[in-house]
Each structure stands twice: as structure tokens, then as C-alpha cells.
Amino acid sequence: MYIYVIRRILLFIPMLIAVSFIVFMLAFIAPGDPLTGERIDPAVDAEVLDQRREALGINDPFYVQYFDWLGSVAKGELGNSINYNSRTVEGLILSRIDNTLYLSVFSLLFTIIVALPIGIYSARKPYSLLDYGATTFAFLGLAIPNFFAGLLLIYVFAFQLGWFPSQGSVSTVGLSGFDYFFDKIRHLILPGTTLGLASTAIYMRYIRSEMLDVMTSDFIRAVKAKGMGNRSVLYKHTLRNALIPVITLLGFEFGMLLSGAVITEAVFNYPGLGTLFLDSIINRDYPVIMGINLILSVTILVGNLLADICYAVVDPRIRYD
């Protein structure tokens, strides 16, 4: 197992280089640059803009800019933002990443808490009233876009009922202790639910489908023939074997939640990595774009590695030798 993990971690390096190269190339060929807005302003001298471009290295060829950025990353530096008063990219990411992590963890917990029991019950009672209701909910969750679900939740629970705030991450600056914790939770409920709805629908269907497949397998019939109780059969054998493909989804899920938070954070004006990423794309802030992309890529790769490790925990037959 240790050799397998080390080998996978070493494979991260070429994969991250390949992903960063593609993203950097796409950002480079996109129309405009970080100074495009200033260039449109007639009050800004064109010569001054050219001097700033030279100072920032924007006029350098693509490969020169990319290898300069790669060299900085190799030294543990992500560069300085062009549009955020030359703040370091690390500082910008650290100032926002906690909010996005809170949002992603809340969304993941919401997905597990809702999807797991409903998926199990739907498998135990297929074609029941609750099963049909869960299927309808799953179809709606997959069909409704995140931004529309977010706006709907804001209209109902923020504007009409007034139960939760419609934007931001805290209501009052300077809170501490339990007051701060509960205020953060209140601001997380609507965006976290919005972000988790589609995932909940997917997990419900996967858990139901996999459990129904496992229930009809020969080893389950053999276990029942030995006289084991239905509860033990359900949780000790059926659920454990049905969780293997679900763990595969979980490996992707956390990284996808971070990237999927872009739209959700924009709808709720939530100050996380998503809004920072969106602002950086609009302003062509290449260092910030590349820094956030690097974080997302590492998160997805680590999530996949943890999913592979969890296979061996859930199913003892799986070994990485």
C-alpha cells in the first residue's frame, strides 16, 4: 500500500504540469489581457500601458510566461495578483479558502445525511411511495441548474420567510465563539443546500441501484440461508459492498464541489474561492487563475487517491501490491 501511495503521489507531478499547461494556454489565447479595461479608458496613455505590460511580462511569448510561472511554483511561490494591489496569490487564496471549505464540507455532509438513508430505504422498499418520491426528487435535482435552485431558495427562505440571510458569510464583523459559529452556519445553509442538491440526487440513485444489485447476488442469498438477521445482512454485507462505487464518486466529489462553488458563490455573493476565481477570469488576472486552478487540481487528485485507499478499507479483497 505504501509503495502504491508513493507511486501515485509521484504521478501527480506530470499530471499537474499537463493540466497547468493547458489552462495557461487557454488563458493566454483568450482575448484581452489584465490591462484591457484600462486600455479602453481614453484617459490612460498607451505608452504607459505598454510600459506596464513590459514590467508585468505580458508581452513575452507564451512559453516564456509559462516557464516563469512554473519556476515560481517550483520555489513555492504563486506570484502576485495583477488586479488586487499586487497581493500575493497565496495570501488571496488563504483569505478565501476557509469559506469555500466550509461550504464544500457542509454540502458534502448534507449529501451524505440525506442521500444515504433515503437510498437505503428505497432499495429495501423498491417501488414504494417513498421510492417514487425519491426518484422524482432525484430527477428534479438533476434537472434544475444550480443558479436557479439558489435563486429559488433565496426567494422562499430569505425574502418570503426571512429564515436565512441571502448573501455573505457573516452578518456582523467581530463576532466570536458560538455567536460566530452559528452565524456562519446560518449563512451556509442556503448555498450549501444549493450546492449539494444535484449531488444528493446522484448519490440517492447510485446507492439504491448498487444495493439492489448486491441484494440479488449469490453471497447475499448464502448469508441469509445461514440464518443471519435482515439488519446484519443489510448493513454488514449489502451496504458495505454497495459503497465501493459510491466511494469512487466521493473521490471526485470534493474537488468538484470546490470547482462547482463558482456559480453558487456568485449567486449568494459568498466570499470564497469561487467568487475570487470568477473575478480573476473577468479581469484576466493570470497568476490568481493559475493558483486557484492548481489548488483545484491537487484537491481532485488527492480525492481520487483517498478513494482508492478507502477501497481496501471497505472491501478487504482489494489490495494494492
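Please verify whether region 201-208 includes one or more residues that are touching a Ser or Thr at 6+ places or on another chain (Cβ under 7 Å), in a helix (DSSP H, G or I) and farther than 20 Å from residue 248 by Cα.
No, region 201-208 contains no residue that is touching a Ser or Thr at 6+ places or on another chain (Cβ under 7 Å), in a helix (DSSP H, G or I) and farther than 20 Å from residue 248 by Cα.
Could you list, in sequence order, all residues of region 281-296 that are in a helix (DSSP H, G or I) and open to solvent by 20 Å² or more (accessible area, probe 1.4 Å)?
Hits for region 281-296 are 281, 282, 286, 287, 293, 294, 295, 296.
Would you check if there is a residue in region 104-120 being touching a Pro at 6+ places or on another chain (Cβ under 7 Å) and open to solvent by less than 50 Å² (accessible area, probe 1.4 Å)?
No, that holds for no residue.
Which one of 116, 142, 108, 130 is assigned to a helix (DSSP H, G or I), touching a residue at least 60 places away in the same chain (Cβ under 8 Å) and farther than 15 Å from residue 206 by Cα?
Selected residue: 108, the only one of 116, 142, 108, 130 that is assigned to a helix (DSSP H, G or I), touching a residue at least 60 places away in the same chain (Cβ under 8 Å) and farther than 15 Å from residue 206 by Cα.
Residue check: is residue 185 β-branched (Val, Ile, Thr) and surrounded by fewer than 16 Cβ atoms within 10 Å (Cβ to Cβ)?
The answer is yes for residue 185.
Among the numbered conditions (1) open to solvent by less than 50 Å² (accessible area, probe 1.4 Å); (2) free of Cβ contacts under 8 Å to residues at least 60 places away in the same chain, tell me where residue 52 comes up short.
For residue 52, the failing item is (1).
Which pairs do you get when a residue that is in a loop (DSSP other than H, G, I, E, B), found in region 154-170, comes within reach of a residue that is among the acidic types (Asp, Glu) and open to solvent by less than 80 Å² (accessible area, probe 1.4 Å), reach meaning Cβ atoms under 6 angstrom, with the pair 6+ apart or on two chains?
Close Cβ pairs satisfying both conditions: 170/183.
Starting from region 208-223, keep only residues that are touching a residue at least 24 places away in the same chain (Cβ under 8 Å), then list their pairs with residues that are in a loop (DSSP other than H, G, I, E, B) whose Cβ atoms are within a distance under 7 Å, requiring at least 6 positions of separation or different chains.
Filtered contacts from region 208-223: 212/126.
Considering each of 258, 276, 249 in turn, give the residue that is surrounded by 19 or more Cβ atoms within 10 Å (Cβ to Cβ) and either at pLDDT below 75 or not in a helix (DSSP H, G or I) (or both).
258
Quick one: which of 228, 204 is touching a helix residue (DSSP H, G or I) at 6+ places or on another chain (Cβ under 9 Å) and at pLDDT 75 or above? Break it down stepwise before answering.
Values: 228 fails: at pLDDT 75 or above.
Step by step, each of 228, 204 is checked, and only 204 is touching a helix residue (DSSP H, G or I) at 6+ places or on another chain (Cβ under 9 Å) and at pLDDT 75 or above.
Which residue out of 121, 132, 127, 102 is assigned by TED's automatic domain parsing to the domain that holds residue 196 and closer than 30 Å to residue 75 by Cα?
102
The values are calculated or read from the model by the stated rules, or taken from the named source; none is laboratory data. Just so you know, these numbers come straight off a predicted model, no measurement behind them. Glycine gets a Cβ as well: all are built from the backbone with ideal geometry, and neighbour counts include every protein chain shown. When the accessible area is computed, the model is the full protein with side chains, heavy atoms only, and any ligands, DNA or RNA have been set aside. Shrake-Rupley method; radii C 1.70, N 1.55, O 1.52, S 1.80 Å.
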